[in-house]
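Engineer: A single structure is presented below for examination.
The values are calculated or read from the model by the stated rules, or taken from the named source; none is laboratory data. Everything quoted here is computed from the prediction, not taken from an experiment. Heads up, the Cβs are rebuilt from the backbone with ideal geometry, glycines too, and the neighbour counts pull from every protein chain shown. Accessible surface areas use protein heavy atoms only, side chains included; no ligands, DNA or RNA. Shrake-Rupley method; radii C 1.70, N 1.55, O 1.52, S 1.80 Å.
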Amino acid sequence: MDIGNLITSFVLSLASYFIISHFIYRLSGRKDWAFFFLGIIFLSSLFDFLPYAFGNYAFPIILLVFVSRVLPVMLAAALFTRFTGGLSKKKIRIKRSHFKEPNEDIYTTSYIIKIVYIMFIIAILISVLSYFFMDGALQYVLFAISLFVVIYGIVKLYQLRFFKNDKVVIIIGKEKENVYMKTIDPKLTKITIKDIYQNENYLIDKFATIQLYEENHFKEKHYLYWIATSKAFEIEDLSFIKTTLGYEEHIMGLMKYHDAIIKLNYVKNRYEVLKAVKFRK
């Protein structure tokens, strides 16, 4: 077995698995989908390795095959777990609610679109390199995964074809009296509320993400934060606009320990719920 090809195969496999799993997570927001992908790759790699492990091969050959086929996916899974903050806690159903790890990061939609285009390039590159440096079932798995990535990206871009803006909404007061909104600069990628607004005197809790549709076309995404103070105050930052939302009825029942994801469709001058999932942090 050529050492140069072994090193190339190892590096290509490790980079491919990590990058694709990371992008699947960033696009879908679900670690389990990324781990499902890594699990498929691991089983495929194991399938290729077992004939060597139980065949009449010298130990150095078995070791080299393990390093080139199985070890990359194991290291990719370890890297993915490290870079995404560890394994997700198991969701528990209690009275039809979910428990969820708090995630205060905002990945702008413009960033997601850029990721899709990068995925196209990487998927094509992986397919080409796999053709020259891979063989067996693993090669076909990478081809299939690359095709899936391209198709998934096309679907994602189609869903976002009418998208306009990401906005941060800060609601102030126990009864949600004052509402302020700010459009997020599309040039930004990963941000937190502290990048947008800071007030050391109050806790700012993220309690909902609202996806707004018009005629079933995805138009805006609102990230809702709440300062649940007994005395409502004004935000003096002129980049924030005082406003009303139009969908207050759908968020009034939410509490600061919630992290809901609600899809609303604007029909006949009012918002109707397409889908709502309520988490407890």
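Engineer: Of the residues that sit in the stretch 1-50 and are outside any helix (DSSP H, G or I) and free of Cβ contacts under 8 Å to residues at least 12 places away in the same chain, which one is surrounded by the fewest Cβ atoms within 10 Å (Cβ to Cβ)? If you could, list the steps in order and put the result at the bottom.
Structural biologist: Looking only at the stretch 1-50, we keep the residues that are outside any helix (DSSP H, G or I), and these are 1-2, 29-30.
Okay, now just the ones that are also free of Cβ contacts under 8 Å to residues at least 12 places away in the same chain, so 2, 29-30.
On the way: D2: 8, G29: 13, R30: 12.
Among those that are outside any helix (DSSP H, G or I) and free of Cβ contacts under 8 Å to residues at least 12 places away in the same chain, it is D2.
Engineer: Restricting to the stretch 161-199, count the residues that are closer than 21 Å to K278 by Cα, open to solvent by 70 Å² or more (accessible area, probe 1.4 Å) and touching a Ser or Thr at 6+ places or on another chain (Cβ under 7 Å).
Structural biologist: So the answer is 1.
Engineer: Here's a check for you: in the stretch 200-228, which residue that is among the charged types (D, E, K, R) and part of a strand (DSSP E or B) is most open to solvent (accessible area, probe 1.4 Å)?
Structural biologist: Among them, the one singled out is E214.
Engineer: Okay, next question. Determine which member of the set F148, F143, F132 is touching a helix residue (DSSP H, G or I) at 6+ places or on another chain (Cβ under 8 Å), within 30 Å of S9 (Cα to Cα) and surrounded by fewer than 19 Cβ atoms within 10 Å (Cβ to Cβ). Please lay out each step first, then the result.
Structural biologist: Numbers: F148 fails: touching a helix residue (DSSP H, G or I) at 6+ places or on another chain (Cβ under 8 Å); F132 fails: touching a helix residue (DSSP H, G or I) at 6+ places or on another chain (Cβ under 8 Å).
When all the criteria are applied, what remains is F143.
Engineer: Determine whether the stretch 56-65 contains at least one residue that is at pLDDT 85 or above and either open to solvent by less than 40 Å² (accessible area, probe 1.4 Å) or closer than 30 Å to I193 by Cβ (or both).
Structural biologist: Within the stretch 56-65 (the criterion being at pLDDT 85 or above and either open to solvent by less than 40 Å² (accessible area, probe 1.4 Å) or closer than 30 Å to I193 by Cβ (or both)), the answer is yes, since at least one residue qualifies.
Engineer: Are there any pairs, at least 6 apart or on different chains, whose C-beta atoms fall under 7 Å, with the first in the stretch 237-252 and farther than 21 Å from D195 by Cβ and the second open to solvent by 50 Å² or more (accessible area, probe 1.4 Å), and if so, which?
Structural biologist: H250/V273
Engineer: So E104 ticks every box in (1) in a helix (DSSP H, G or I); (2) open to solvent by less than 80 Å² (accessible area, probe 1.4 Å); (3) at pLDDT below 85 but one. Which box is left unticked?
Structural biologist: (1)
Engineer: Taking the criterion of being charged (D, E, K, R) and either closer than 19 Å to D237 by Cβ or touching a Cys at 6+ places or on another chain (Cβ under 6 Å) (or both), would at least one residue in the stretch 149-169 satisfy it?
Structural biologist: Yes - at least one qualifying residue is present in the stretch 149-169.
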